[in-house]
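In what follows, a structure is listed as structure tokens, so that the remarks can point back to it.
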Amino acid sequence: MNEVVILEKVYGDRRGFSKLDRKLGALIGDLEVEWKLSAVKKNWIKVTLFGEDEEVSANLVREEFGEVPYKLSAVEAGKSYRGRFTDLGKVGYGAYVDIGIFTPKPKDALLPLYYLKEQFGDIPVRQMIRKFGWVDNLPVDVRVTDVEFGAREVEVAFTEAQLERIKSWISDGLDKLFVTGTISEKIEEALVKTGHGRDVKRMEELGLMETLLILKKGTQAPGIIKALGPHLKGAVFGAIKFSD
């Protein structure tokens, strides 16, 4: 038996498990292996593999989806990790990112306020969260800047590529929606049902349960949220708005 906790979460819409199962079928379905999916701490997904090809399958899964660091002692300064925003707006001294540290106890990494202000200007973090459309579980790539093993504290910064993406999202003049807690296929269905597919310039899967909708020029995010909301029960929306 091999176990891998991958860099994906399933929450809200349980169809995330079915979608992940299909992805695994395409990746390792031809090998002599069976697999089981389960949620572990904080909705991270564990893939348990059994069979003759379980070791090679586990390596393919790691390569395709990535793997959490598990232990604080495995986290290295200077190294990049893929995480998820968590508990946004609950504190005023920064934003927390869950990168998958489980032991000695679950620990989130901090994007400190001084760093966020250096990048985005002197505005309160809660205002920043609203302005940039950030929502819990939104995937972000971060680089560890400091690890205090005694105090069990981890500080991070956005990777250069992630920072460039965020800055492009907030400067191109197009309203955007982040939708978390449902799969992109469900969002596509809702766009068809409401007739708003024509208002979307591009859809990007940011993760298994996280999607970015880039709206066409002149299309306003609040109107699209109002239309899609009833069709996407349990989904969470974040918006970047260029006009009120």
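The values are calculated or read from the model by the stated rules, or taken from the named source; none is laboratory data. Computed from a predicted structure; not experimentally measured. A quick note on method: Cβ atoms are made from the backbone with ideal geometry, for glycine too, and the neighbour counts reach across all protein chains shown. Only protein heavy atoms, including side chains, enter the accessible area calculation; ligands, DNA and RNA are left aside. Shrake-Rupley method; radii C 1.70, N 1.55, O 1.52, S 1.80 Å.
Would you tell me the accessible area of Phe242, worked out with a 1.4 angstrom probe on the heavy atoms of the protein chains, in Å² to the nearest 10?
Taking all protein chains as shown, Phe242 has close to 80 Å².
Can you work out the base-10 log of I(q)/I(0) for the chain at q = 0.12 1/Å, using the Debye formula on its C-alpha atoms alone?
Listed by q, the Debye log ratios stand at -0.74.
What percent do you get for the relative contact order of the chain when only Cα pairs under 8 Å and 6+ apart count?
19 percent.
Over the Cα atoms, compute the radius of gyration (one decimal) and Dmax (the largest Cα-Cα distance, rounded to a whole number) for the range 19-153, in Å.
17.6, 56
In a Gaussian network model over the chain where Cα atoms closer than 10 Å are linked, find which of Thr194, Thr145, Thr219 has the largest mean-square fluctuation.
Comparing Thr194, Thr145, Thr219 in a Gaussian network model of the chain, the most mobile one is Thr194.
Within the set Lys36/Lys233; Lys42/Lys217; Lys42/Lys79; Lys9/Lys167, which residue pairs have Cα atoms separated by over 32 Å? Write out the running numbers ahead of the final one.
Numbers: Lys36/Lys233 27 Å; Lys42/Lys217 37 Å; Lys42/Lys79 22 Å; Lys9/Lys167 25 Å.
Long pairs (Cα-Cα over 32 Å): Lys42/Lys217.
Report relative contact order for the range 57-168 in percent, whole number only (criteria: Cα-Cα under 8 Å, sequence separation at least 6).
So the answer I get is 29 percent.
Taking the Cα-to-Cβ direction at Lys226 and at Ala151 and moving 7 Å from each Cα, how far apart do the two end points lie in nm?
The two pseudo-label positions are separated by 4.7 nm.
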